[in-house]
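Novice: First, the structure itself, so that you have it in front of you.
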Amino acid sequence: MAKTVDARGLSCPQPVLMTLDEMKEGSADELLVLVDNEASKENVSRAAKSKGWKIADISEAEGAFNITLRKD
């Protein structure tokens, strides 16, 4: 089951830290991370890859980026 990390309205490094915390918790094999700026999108994606997670999808809707991450 996917968990959602809603980091809209937050600036880096908070979206990255929230995502990493959720990854460490280990209760989900899939995360949906919501951010609302390009820098956070790039930083969350980079952090996920560094932890061995796969970027399954990135879409943009209503001014936000939806990043789907899967444990590899």
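Novice: Looking for whichever is of a type in the set (A, V, I, L, M, F, W, C) and closer than 19 Å to Asp21 by Cβ here; the options are Ala61, Ala56, Ala48. Which one fits?
Specialist: On the way: Ala61 fails: closer than 19 Å to Asp21 by Cβ; Ala56 fails: closer than 19 Å to Asp21 by Cβ.
Being of a type in the set (A, V, I, L, M, F, W, C) and closer than 19 Å to Asp21 by Cβ holds for just one of Ala61, Ala56, Ala48, which is Ala48.
Novice: For the stretch 1-40, how many residues meet the condition of being in a loop (DSSP other than H, G, I, E, B) and either touching a residue at least 12 places away in the same chain (Cβ under 8 Å) or crowded, with 18+ Cβ neighbours inside 10 Å (or both)? Steps first, answer last, please.
Specialist: As a first pass, look at the stretch 1-40 and keep what is in a loop (DSSP other than H, G, I, E, B): 1, 7-13, 26-29, 36-37.
Now restrict to residues that are either touching a residue at least 12 places away in the same chain (Cβ under 8 Å) or crowded, with 18+ Cβ neighbours inside 10 Å (or both): 1, 7-13, 27-29, 36-37.
Number of matching residues: 13.
Novice: Within the stretch 62-72, which residues are in a strand (DSSP E or B) and either over 14 Å from Asp6 (Cα atoms) or touching a residue at least 40 places away in the same chain (Cβ under 8 Å) (or both)?
Specialist: First, pick out the residues of the stretch 62-72 that are in a strand (DSSP E or B): 64-71.
Result: Ala64, Thr68, Leu69, Arg70, Lys71.
Novice: Within the stretch 9-39, which residues are among the acidic types (Asp, Glu) and closer than 13 Å to Arg70 by Cα? First the steps, then the outcome.
Specialist: Here is the first cut: in the stretch 9-39, the ones among the acidic types (Asp, Glu) are 21-22, 25, 29-30, 36, 38.
Glu22, Asp29, Glu30, listed by residue number.
Novice: If we scan the stretch 44-62, do we find a residue that is among the charged types (D, E, K, R) and crowded, with 16+ Cβ neighbours inside 10 Å?
Specialist: Step one: list which residues in the stretch 44-62 are among the charged types (D, E, K, R), which gives 46, 49, 51, 54, 57, 60, 62.
Next cut, crowded, with 16+ Cβ neighbours inside 10 Å only: none.
No, there is no match, as no residue in the stretch 44-62 is among the charged types (D, E, K, R) and crowded, with 16+ Cβ neighbours inside 10 Å.
Bear in mind that the values in this text are calculations on the coordinates, not laboratory data. Quick caveat, the model's predicted, so the values are computed rather than measured. Note: ideal-geometry Cβ built from the backbone for every residue, glycine included; neighbour counts use all protein chains shown.
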